[in-house]
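What follows is calculated from the coordinates using simple rules that are stated; it is not laboratory data. This structure is a prediction, so every number in the text was calculated from the model and none was measured. Positions of Cβ are generated from backbone atoms using ideal geometry, with glycine treated the same way; all protein chains shown enter the neighbour counts.
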């Protein structure tokens with residue numbers, strides 16, 4: 001007998017055996033009630049674990065993907081023209097846009113060289129979490145000053161999740177530029193405001209005097225020189241326990257038609 | 001219990017079952033990301049929003 005002849009029969013025997021095994025298994029082995037319960041619980045735990053993992057991935061990653069995409073579009077929708085050349089720095093009274101009447105109105109953008117050259121985020125009216133902070137990103141506290149005006153232009157933003165516009169707020173140093181551009185195509189309003197960081201503080205969320213017209217001096221009337229900007233974000237990251245507050249003071253303003261603030265082409269030390 | 005049941009219910013040969021499983025998982029992740037997680041985030045576990053509390057206006 002050659003190997004060639006033996007092979008088929010051998011295979012056949014194996015297949016027979018397998019079939020017989022299958023037949024023997026046909027009435028499925030009875031699972032005890034306890035065993036079924038244990039495997040059910042185990043499976044539910046696996047599902048819960050995977051679900052929790054997915055939720056973390058969604059908050060820490062997916063909300064950023066969606067929000068950054070949306071925020072980039074909102075900046076483009078402002079229709080800001082590319083400006084070139086370094087214009088004159090104006091230090092006198094600045095033109096001020098009226099506060100937009102509607103929550104979610106996007107009236108400008110913010111660039112912070114310390115956060116990177118590509119950092120530019122839209123600023124929306126109001127600080128509603130769902131409508132402004134989770135989508136537009138930076139939200140202007142209603143009834144606080146508009147950029148360039150005497151008083152305090154106060155802005156809130158997420159430090160983590162939803163595009164995390166103020167993720168690096170703790171890295172800001174005294175003298176760092178915070179550049180705001182307010183644009184209203186209809187009113188042909190387009191102005192740069194360059195603020196310089198003065199100080200940062202960490203407070204509990206009830207410290208509303210941090211966004212007072214003169215920061216931390218509630219009730220004091222701002223003078224023409226008190227043109228402040230305040231950023232508020234969460235502290236520590238992922239926690240709602242405290243707030244990281246950064247103040248900045250207006251250095252100068254410039255009509256966008258005259259050029260681009262030099263701070264935007266410099267790399268912060 | 002659940003996993004073997006799903007495997008038995010899916011029609012077709014094993015290769016097809018794997019494809020069906022992947023499609024099913026993708027659909028579940030889509031539903032979670034689009035509706036379930038946003039709902040959990042806004043109604044059950046609101047993330048910190050970074051604002052200082054503005055006193056209620058009169």
CD proxy at 222 nm, helix term only [per DSSP H run n ≥ 4: -39500 (n - 2.57); per residue of chain A; nearest 500]: -8000 deg cm²/dmol
For the range A:212-264: rounded, prolate or oblate by the Cα gyration tensor [a/c cutoff 1.5]: oblate
Helix A:33-57 vs. chain A, principal-axis angle (Cα, 0 to 90°, nearest 10): 30 degrees
Most fluctuating residue given options A:255, A:218, A:113, as computed from a GNM of chain A linking Cα atoms under 10 Å: A:218
Net lengthening on full extension, residue A:61/residue A:41 (0.36 nm per residue, minus Cα-Cα): 4.2 nm
Cα gyration tensor shape of the range A:63-265, rounded if a/c is under 1.5, else prolate or oblate by comparing a/b with b/c: rounded
0 to 90° range, to nearest 10: angle between helix A:63-77 axis and chain A longest Cα axis: 40 degrees
Virtual spin-label span in nm between residue A:199 and residue A:105, 7 Å along Cα→Cβ: 3.4 nm
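Among rounded, prolate and oblate, which fits the range A:170-258 when a ≥ b ≥ c are the square roots of the eigenvalues of its C-alpha gyration tensor, a/c under 1.5 means rounded, and a/b larger than b/c means prolate? Don't jump to the answer; show the numbers that get you there.
Working: a/c = 2.04, a/b = 1.64, b/c = 1.24.
Prolate.
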Between 0 and 90°, nearest 10: helix A:3-25 axis offset from chain A longest Cα axis: 70 degrees
